[in-house]
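Take a look at the structure below.
The values are calculated or read from the model by the stated rules, or taken from the named source; none is laboratory data. Computed from a predicted model, the values in this text were never measured in an experiment. Note: ideal-geometry Cβ built from the backbone for every residue, glycine included; neighbour counts use all protein chains shown.
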Amino acid sequence: MSKKLSKADFGKGIRALLANPIELERAVQENPAAVVRELTHTVAMLPLEQIKANPFQPRTEFDHQALQELADSIRIHGLIQPITVRRLHEHAYQLISGERRLRACQMAGLTEIPAYIRIANDQQMLEMALIENIHRQDLNAIEIAISYQRLKEECNLTDEQLSERVGKQRSTITNYLRLLKLPADIQQAIKNGSITMGHARALAGITDIAFQLSLFRQILEEDLSVRAVEQIIAKHQTERPGNKARTQKFMPDALRDIRDRFSAFFGTKVDLRRNDKGKGQLIIKFNSDAELNRLLDIITEDQH
């Protein structure tokens, strides 16, 4: 009779289990919750050639220039946010989320990629494990943001459902998710503690990438406080000519949350502008006729 795997066995041997189909199957049968829990925060390096595309991937068009920029960043910094795959067998995995990252890694010439691995029929356990993982004390802000993103993408949770599951306000979750849109070197600085979450939040509110990176370097060189950073941003926005909307210091969290919800719904960048009297504009951006038609399809489908 085989010995039952202990919790310590999972912690020490999860990578060995992944390479051993028989042992992995036995572990899943004996203690599936423990396997899923370990896999949620275990990053494996997988050969790109072993990862198959998801046939149900709804997104088929990607901006080539944006992909090239991501590929260039990956060559320098590596991939900060791992993709997620489902294990088919020992040498085959199917992509669940992260096709844009996968394509950029291919363009960058990588032969292997960091990935979270899921097993079949683990949806509910995955959700529980990720929520448990978020409440660990040793996570940095980027790791928390990645966990929030995984809950949204892999567990199909809306912002409201995610807020209820983790017991956090939607604005708090939105602030974390915005960190994943920062340039890779800023994300790396958050991970290693070179800048604080306060610095990161202020930098994430800047749309001018050149100014964002310049201010980031200034923070490191001059050891600026969060308050000093906010004052520099406010002065920069006030001094920019020809745009009244940018004279406001910061967009309130409630409005930022609304803007980000529109952006998530349409899958593209959305600008929200509002004055003190409640009047404003909602601008939905697109880069091609194909993307415009995709937006029209979303609106049309939502009316049925």
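Of the listed requirements (1) modelled with pLDDT of 75 or more; (2) of a type in the set (A, V, I, L, M); (3) surrounded by 12 or more Cβ atoms within 10 Å (Cβ to Cβ), residue 264 misses just one: (1). Between 98, 11, 78, the distinction of being modelled with pLDDT under 85 and either closer than 22 Å to residue 179 by Cβ or under 16 Å from the mean Cα position of the chain (by Cα) (or both) belongs to 98 only. Restricting region 26-42 to residues that are farther than 15 Å from residue 130 by Cα and touching a helix residue (DSSP H, G or I) at 6+ places or on another chain (Cβ under 8 Å) leaves a set whose member that is modelled with the lowest pLDDT is 28.
For every residue, the table says whether it meets (1) modelled with pLDDT of 85 or more; (2) more than 15 Å from the chain's Cα centre (by Cα); (3) surrounded by fewer than 19 Cβ atoms within 10 Å (Cβ to Cβ).
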residue: 148; (1), (2), (3): yes, no, no
residue: 153; (1), (2), (3): no, no, yes
residue: 161; (1), (2), (3): yes, yes, yes
residue: 178; (1), (2), (3): yes, no, yes
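The residues of region 130-160 that are farther than 22 Å from residue 189 by Cα and not basic (Lys, Arg), listed by number, are 130, 131, 132, 151, 153, 154, 155, 156, 157, 158, 159, 160.
In summary, helices (runs of 4 or more DSSP H) completely within region 108-183 and bearing 2 or more residues that are over 28 Å from residue 66 (Cα atoms) and not assigned by TED's automatic domain parsing to the domain that holds residue 208 occur at 123-134, 159-166. Among the candidates 230, 222, 239, 301, single out the residue that is among the acidic types (Asp, Glu), out of contact with any helix residue (DSSP H, G or I) (no Cβ under 6 Å at 6 or more places or on another chain) and modelled with pLDDT of 75 or more. That would be 222, the only listed residue that is among the acidic types (Asp, Glu), out of contact with any helix residue (DSSP H, G or I) (no Cβ under 6 Å at 6 or more places or on another chain) and modelled with pLDDT of 75 or more.
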